Each structure stands twice: as C-alpha cells, then as structure tokens.
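Here the structure comes first, spelled out in structure tokens, and everything after it is commentary.
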Amino acid sequence: MNYVFSYGTLIEKFPQERVSAILTSNLELGSYGNYPALLVSKDISSINGFLLELTDEQFKKADSYEDYPQLYYRRKMNVVLDDNSEVRAWVYILNEWEIRNIKAYISYNKHS
C-alpha cells in the first residue's frame, strides 16, 4: 500500500475511505489555475487534508493524474492523523520551474 496526503482533487479521484490528516511543513497551499497546489515556502504552515491508502495501480494513476514528475514531484513527509499518530505519506508538490513559468507568463501579460 502507498499512503498519499491529499489536499485537493485526488480526494475526488479516489473516493475510498480516508482519514483526516494535517501536514505541517515549509509548504503552502496555493493554486495552479483552477487546481490546488502545494508550493515551497520559507514559512512553516499547517495544511488540512486526507490520508489516502492507494494500491500500486491507484498510485500509478495518481502519478499520471498529477503529471508526475513533470508538473509535480513528490516526497515522503510525516502527516499527523486525528489520533495524533504520525504516518509517512507521499506529498505532491508543484515543480519550481512551473512556478517560474507561471510568474513569467503573468509578468509578460502585464506588460503586453
């Protein structure tokens, strides 16, 4: 089994039973178009989400849906469950180069 921390659309893609979880790290919840995205931050924040338990096949589908490793990369991080236990789970994070592309696009369009 593969544990995945979800804060957005993966919850809808994999509607099986899930457990509330909190991720506290140097990530912040932002958006990529109409989709939520975790972005690297210099500040520590807590993000509410859910712990999903995915089969290997579902995990491959999650990678495909998140366009891993092109759009998002993932890393294992500790998440805290409702009972205060900790679980290591995969977390999808928006690639830094994609953030730079978005900023360049916004900046270009402001000056066009």
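The values are calculated or read from the model by the stated rules, or taken from the named source; none is laboratory data. All values reported here derive from a predicted model rather than from experimental measurement. Neighbour counts are summed over all protein chains in view; Cβ atoms, including those assigned to glycine, are modelled from backbone coordinates with ideal geometry.
Note on the stretch 38-57: among residues that are β-branched (Val, Ile, Thr) and over 12 Å from the mean Cα position of the chain (by Cα), the one that is farthest from residue 21 (Cα to Cα) is 55.
When you scan the stretch 58-66, do you find a residue that is surrounded by fewer than 17 Cβ atoms within 10 Å (Cβ to Cβ) and within 17 Å of residue 81 (Cα to Cα), even just one? Looking through the stretch 58-66, none of the residues is surrounded by fewer than 17 Cβ atoms within 10 Å (Cβ to Cβ) and within 17 Å of residue 81 (Cα to Cα).
Annotation note: of 17, 53, the sole residue that is among the charged types (D, E, K, R) and surrounded by fewer than 14 Cβ atoms within 10 Å (Cβ to Cβ) is 17.
Scanning the stretch 48-83 for residues that are over 22 Å from residue 96 (Cα atoms), part of a loop (DSSP other than H, G, I, E, B) and among the polar types (S, T, N, Q) gives a single hit, 55. Considering only residues in the stretch 7-47 that are charged (D, E, K, R) and in a strand (DSSP E or B), the one that is modelled with the highest pLDDT turns out to be 43. Of all the listed residues (44, 93, 22), the sole one being touching a Ser or Thr at 6+ places or on another chain (Cβ under 7 Å), touching a residue at least 40 places away in the same chain (Cβ under 8 Å) and either surrounded by 11 or more Cβ atoms within 10 Å (Cβ to Cβ) or more than 17 Å from residue 9 (Cβ to Cβ) (or both) is 22.
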